[in-house]
Amino acid sequence: MKCLQLIIGPAGSGKSTYCSVMFDHFQSLHRPLEIVNLDPAAETFNYTPSVDIRDLISVDDVLEDEDIIMGPNGGLVFCMEYISKNMEWIHDQLTDGDDAYVMVDCPGQIELYSHLPIMKEIVTTFKSWDYNVCTLFMIDAHFVLEPEKLIAGALTALSSMISLETSAVNVLTKMDQLPRESKKEVEDMLESDCSQLVNGVNDEPWNERHAALSRAIASVLDDYSMFKMVALDNTDEESIEDLLLMIDTTIQYGEDAEVHDRIPKEVDPNEE
Amino acid sequence: MAESTASSSKQVPSEMPSSPLAGSSDGPNPDLAPSVIVLGMAGSGKTSFVQRLTAHLHAKKTPPYVVNLDPAVPYPVNIDIRDTVKYKQVMTEYGLGPNGAILTSLNLFCTRFDKVIELVRARSSTVPLTIIDTPGQIEAFTWSASGTIITEALASSHPTVVIYVCDSARATSPATFMSNMLYACSILYRTKLPFFVVFNKADIVRPTFAQRWMTDFERFDEALEDSRGGYSNDLARSLSLVLDEFYCGLKTVICSALTGEGMDEVLTAIDECKQQYRDQYIPLYAEMRAKKVEETAKRLREDAKMGDLTSEVKALDVGRVRDSDDENE
Ligand SMILES: Nc1nc2c(ncn2[C@@H]2O[C@H](COP(=O)(O)OP(=O)(O)OP(=O)(O)O)[C@@H](O)[C@H]2O)c(=O)[nH]1
Ligand SMILES: Nc1nc2c(ncn2[C@@H]2O[C@H](COP(=O)(O)OP(=O)(O)OP(=O)(O)O)[C@@H](O)[C@H]2O)c(=O)[nH]1
Ligand SMILES: [Mg+2]
Ligand SMILES: [Mg+2]
């Protein structure tokens, strides 16, 4: 079965770093992995891409041509539209065998997911080549150290994912950088039910005013365990393994996202 | 004027960033003119909206104070990030792409934000409000350390309001509408500040569809189902219930930056938010925010990457923050 991880998230959230960590991890496992750099504005990254979209088109090319008409965002949208119409260029460079495993390092701009049909089209094309797609939304753990911020992170992820219609995993990155207490707090938050978290926040006027909304959000996040968040400490081999296992399971079950909205909470470690 | 007596030498900060609270050491003052942070997705019309609101206030003979935080766009305002940080230079000298350069420029500007707060506070008895335009790439502000520092530094100084500009013409499909509203809701949770949504570009598409969806959950659900070829998605349906709750407490204003429709309603909404800041935010937040700003600033200083930036600050000789009127004095 062909598998594909779509790596998305805000600028600087750690998408490219995640890809390079997985690149090394797959190598140590002797598992084949192909990485596609889909960010036409990418600078550098520490993995060897099998496909680099900048060989096809880069934002710099576009900006040099049309500096005056387009800001950086216009340039990116132009590139992404061009890419979505030239997907065969990518296809030709993939091995595309039955056991192909692909990671796609995407640009961060939210508009590509929420306003424009571009990313959805790209995902649909991958699906049409029989890839099972799982979206990974990267969130910098520094920004979600309190329950309200964690909710904000989940909502941001949902706003991108709702239009992609794939299975999904949220990854909290840069856990290795957090001070020990913060790390513990984040891990505790991830272990408890969201509803518990929301009930636990203090009774500031803001929280009281938004109590009903917070409860509603929490109940959705609890019901759909597909939106469970996973913390990744990429200096810890075990943390990397756990995450990969979870994603592999999700991709497998994610064949039909409609049926598998609810992912079983228990992952059988022998199932590979 | 107060700001013209400020140091005119181009000092280089010794560390990243100097405490953004320096300008507001006397704590939050709910009587000062509010600062309005204008957020929205790329191309939603933030800049046009800021310009229209500015023109509207000029016409009333109560001109606002305007701050531009978008390093990529030139534009006549009172304080412009571009006077302090040269975006193109950041890009070329540090081999950064457009996104990295925006983030870095904001970080660099952040080191001087105490000065911005000082200028804004000095003006707040003579202007009705301060309007702040943000970079096109929304997450450069909403998901960055500098965006957090700037927001919290403002909120711990004086009334601060967040406006989310939504492009009505691009929200006509139920999925994009939902995506936009989820993002708006996430900003509410991130900032916890008084907040309202502006449906802009009403001259292109009347946002009455949005109002219908916001008041009638069933109707939105039907539209969503139709748009997905009649098959429904459990998650999307549950989320529309969540959003229903979000809309209950949400202020919205229909406007057009092109025709000027809705500007008085925007001003009314800002006034309501200012009151909300006084009632709900002042009592408990002042202390907490001050503590958090310090923590975030500390993290930024400790961040290895930011360590590198300290040398970038020196190499680039980041300009001082200046009020554009300074030159005319
Ligand atoms: N310590 C640590 N640093 C990280 C981690 N992930 C990312 N970083 C750092 O965070 C910065 C941004 O990481 P990238 O991987 O380039 O982020 P990105 O999401 O690809 O960024 P864009 O492509 O610009 O949108 C880099 O300086 C990384 O070294 C992590 O897990 N641990
Ligand atoms: N018809 C109409 N067009 C508008 C309106 N507001 C903005 N526009 C147009 O929308 C486009 C984007 O507007 P900007 O004000 O640059 O939007 P922005 O959000 O500041 O854009 P970035 O900073 O690049 O993200 C421009 O072509 C504007 O002329 C409006 O109310 N009506
Ligand atoms: Mg990257
Ligand atoms: Mg703009």
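Taken together, the values in this text are just the output of simple stated rules run on the coordinates, not laboratory data. The shown structure was predicted, so the numbers you read here are calculated from the model rather than taken from an experiment. Quick reminder, even Gly has a Cβ in these numbers, built from the backbone with ideal geometry, and neighbours come from all protein chains shown.
Things worth noting here:
- Length, then width, then depth: along the principal axes, the Cα atoms of the range A:205-245 run 43, 22, 7 Å.
- Interchain or long-range residues, amide H under 5 Å from A:Met138's placed H: A:Ile8, A:Gly9, A:Val171
- Nitroxide proxy distance, nm - points 7 Å out along Cα→Cβ at A:Glu241 and B:Ala122: 6.1 nm
- The calculated Kirkwood hydrodynamic radius for chain A is 19.5 Å, given to one decimal from all distinct C-alpha pairs.
- Calculated over the range B:209-283: convex hull of Cα atoms, volume per residue (Å³): 118 Å³
- The angle between the Cα long axis of helix A:211-223 and the main principal axis of chain A comes to about 60°, on a 0 to 90 degree scale.
- With Cα atoms, 0 to 90° folded angle of helix A:72-84 axis to chain A main axis: 70 degrees
- Environment charge of A:Asp96, counting only residues whose C-beta is closer than 15 Å and scoring Lys/Arg +1, Asp/Glu -1: -4
- Here each label is just a point 7 Å from Cα along the line to Cβ, and for B:His58 and A:Ala211 those points are 4.8 nm apart.
- Lysine pair count for the range B:20-302 (Cα-Cα distance under 15 Å; residues 8 or more apart in sequence or on different chains): 5.
- Computed Rg/Rh of the range B:20-302, alpha carbon atoms with Kirkwood Rh: 0.98
- Taken along the Cα-to-beta-carbon direction at a fixed 7 Å, the label points for B:Arg212 and A:Leu56 span 3.9 nm.
- Extension gain, A:Thr125 back to A:Tyr82 (0.36 nm per residue minus Cα-Cα distance, nm): 14.1 nm
- Multiplying the residue separation of B:Glu222 and B:Ala169 by 0.36 nm and removing their Cα-Cα distance gives an extension gain of 17.1 nm.
- In this structure, the amide hydrogen of B:Ser35, modeled 1.01 Å from its nitrogen in the peptide plane, lies closer than 5 angstrom to those of B:Thr130, B:Thr160, B:Val161, counting only residues at least 5 positions away or on a different chain.
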